[in-house]
Amino acid sequence: MGATWFKESKHAWIGLGSLWIVGFIGALTRFSMAFFQVQISEDLLISRGFISMAWSTNLFITAICALVGGWLADRYGTKKVLFLSAVMSIMGTGVVLLGNEPIVFFVGYGVISGLAGIGATTSYLLMLEWFRHHRAKAMSLLASASSVGLAIITPIFVSIGWLTWKDAFMASFALGIFVTLPVIWLGIKSQRQKEMEKPQSDHPIEVEESDAPLTATPSSKKFIHLPVFIVVAFALFTCGVNMGSVEMNLVAIHQLAEVSPSMIALSMSILGIMEITGALICGYLLDRYNKLMMMSILYGIRILGFAFLFMHLGSSPIVFAIAFGVTYLSAVPGGILVINEFANGKGKHAGTLLFFHQAGGIMGALIGGFSFDYFRNYQNLILVDIMICILVTLGYLVLFMTHRRGLSIQNKKAALSGAL
């Protein structure tokens, strides 16, 4: 069986570390787009709308590629797809560095980097294959890579004033070639993955009573008709809208509310810290308690955060940073873990769910832009976030109550059968 660490194989933890490094390096391009929008706009003589269009195009192509990538991962293996994804990301970054023309920037970041989305599902599939006892923790730790990257990269670029967005793209390009590709090639053992898939089919993973499947595993054709899939898909779409709203517009929302620069900086730092802390806390809780109830609570916390953001109180930036940050990285892994109890982590299912998430991100960015253009504020955007989070909270809660009722009926039937 090989060496084990904390009841998991040594290979699983090494693989998680490798994927974490890949995610950490990937934070550079996300940081560049969020932090240097003004500088990119001035250097390339393009509007903020053009940058947003490149961002949205990237998300759209990533969403389409996530569906294709899930199918490719099922057919050819996750390692090959992950490696090809890294190559596309490096190529996109390299194209951006070729010149100062807007079309070059759009093609490099908006199109080619978007094609890297074929690897969007692979990390989740690997976590489901490798981990048995600490799946949620592993997913949350992996999701924290980007946040840790931002937490480290931001003060470096702020303190060293001469660093520019091109320096960030150049660092991403170099690290991609000299670190990301070797780490994927050496740290992801595709042969071991094939060996692990057979025991999974012959010896199904035992599920704790609190997390028992809501129903029998359905066929792929019937999968999309499940109520749980509808709830989880809408939940991931909602999470995408939330993330699109925050990543593209949060600083602008605070500025419009006349929040001081120092308070904005403090709230963003707290947001980053809570992303990491929340990922660890939610991962621990998702491994121990009923996932449906935990996801309902998670979106309930988001409602609280957006409500404070809508009211623009003096404490709103801090309260929102805490409430949204603690839930930021756990909604997607939590949803996929719920679905995994029905479809055993099939790539095409994970890809479909990530498509909904990316679609939500596009919608969040577009709603924010239209809201400001027509109403000169972001209140309507925040209201949309609140309303859809309420729907998701209720959806997960209904599934949880249905699950409990089903278990209660089964227990009564079992008791009656035993008495007879």
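Considering (1) part of a helix (DSSP H, G or I); (2) open to solvent by 10 Å² or more (accessible area, probe 1.4 Å), say which one ILE46 fails and leave the rest.
(1)
Please list, ordered by first then second residue, the pairs with beta carbon atoms under 9 Å, 6 or more apart or interchain, first in the stretch 357-386 and without any contact (Cβ under 8 Å) to a residue 12 or more places away in the chain, second among the β-branched types (Val, Ile, Thr) and open to solvent by less than 30 Å² (accessible area, probe 1.4 Å).
Qualifying pairs under 9 Å: SER371/ILE382.
Looking at the stretch 284-300 only, could you name the residues that are in a helix (DSSP H, G or I) and either surrounded by fewer than 18 Cβ atoms within 10 Å (Cβ to Cβ) or not assigned by the TED database to the domain that holds VAL246 (or both)?
Correct list: TYR284, ARG288, ILE297.
Could you grab me the full set of residues in the stretch 235-252 that are open to solvent by 10 Å² or more (accessible area, probe 1.4 Å) and either under 20 Å from ILE318 (Cβ atoms) or assigned by the TED database to the domain that holds MET33 (or both)?
MET243, VAL246, GLU247, ASN249, VAL251, ALA252
Filter the stretch 244-284 down to the residues that are within 16 Å of ALA138 (Cα to Cα) and touching a residue at least 60 places away in the same chain (Cβ under 8 Å) and list them by number.
Once the filter is applied, which keeps residues that are within 16 Å of ALA138 (Cα to Cα) and touching a residue at least 60 places away in the same chain (Cβ under 8 Å), the stretch 244-284 yields GLU275, ILE276, ALA279, LEU280, CYS282, GLY283, TYR284.
One residue is enough: does the stretch 212-228 have a residue meeting the conditions modelled with pLDDT of 85 or more, assigned to a helix (DSSP H, G or I) and under 30 Å from VAL22 (Cα atoms)?
No, every residue in the stretch 212-228 fails to be modelled with pLDDT of 85 or more, assigned to a helix (DSSP H, G or I) and under 30 Å from VAL22 (Cα atoms).
Which of the residues spanning the stretch 356-398 are farther than 24 Å from SER56 by Cβ and surrounded by 22 or more Cβ atoms within 10 Å (Cβ to Cβ)?
GLY395, TYR396
Which of the residues spanning the stretch 1-51 are of a type in the set (A, V, I, L, M) and modelled with pLDDT under 85?
Hits for the stretch 1-51 are MET1, ALA3, ALA12, ALA27, LEU28, MET33, ALA34, VAL38, ILE40, ILE46, ILE51.
Between a residue in the stretch 93-122 that is on the phi > 0 side of the Ramachandran plot and any residue that is aliphatic (A, V, I, L, M) and at pLDDT 90 or above, which pairs come within a Cβ distance under 9 Å, given they are 6 or more apart or on different chains?
Every condition considered, no pair remains.
Here is a yes/no grid of residues against (1) modelled with pLDDT under 90; (2) not assigned by the TED database to the domain that holds VAL241:
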position: PRO317; (1), (2): no, no
position: PRO333; (1), (2): yes, no
position: HIS349; (1), (2): yes, no
position: THR352; (1), (2): yes, no
position: ILE382; (1), (2): no, no
position: VAL392; (1), (2): no, no
position: ALA419; (1), (2): yes, yes
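The values are calculated or read from the model by the stated rules, or taken from the named source; none is laboratory data. Since the structure is predicted, the reported quantities are computational estimates derived from the model, not experimental observations. Cβ sites come from the backbone with ideal geometry, for glycine too, and all protein chains shown count toward neighbours. All accessible areas refer to the heavy atoms of the entire protein, side chains included, with ligands and DNA or RNA removed. Shrake-Rupley method; radii C 1.70, N 1.55, O 1.52, S 1.80 Å.
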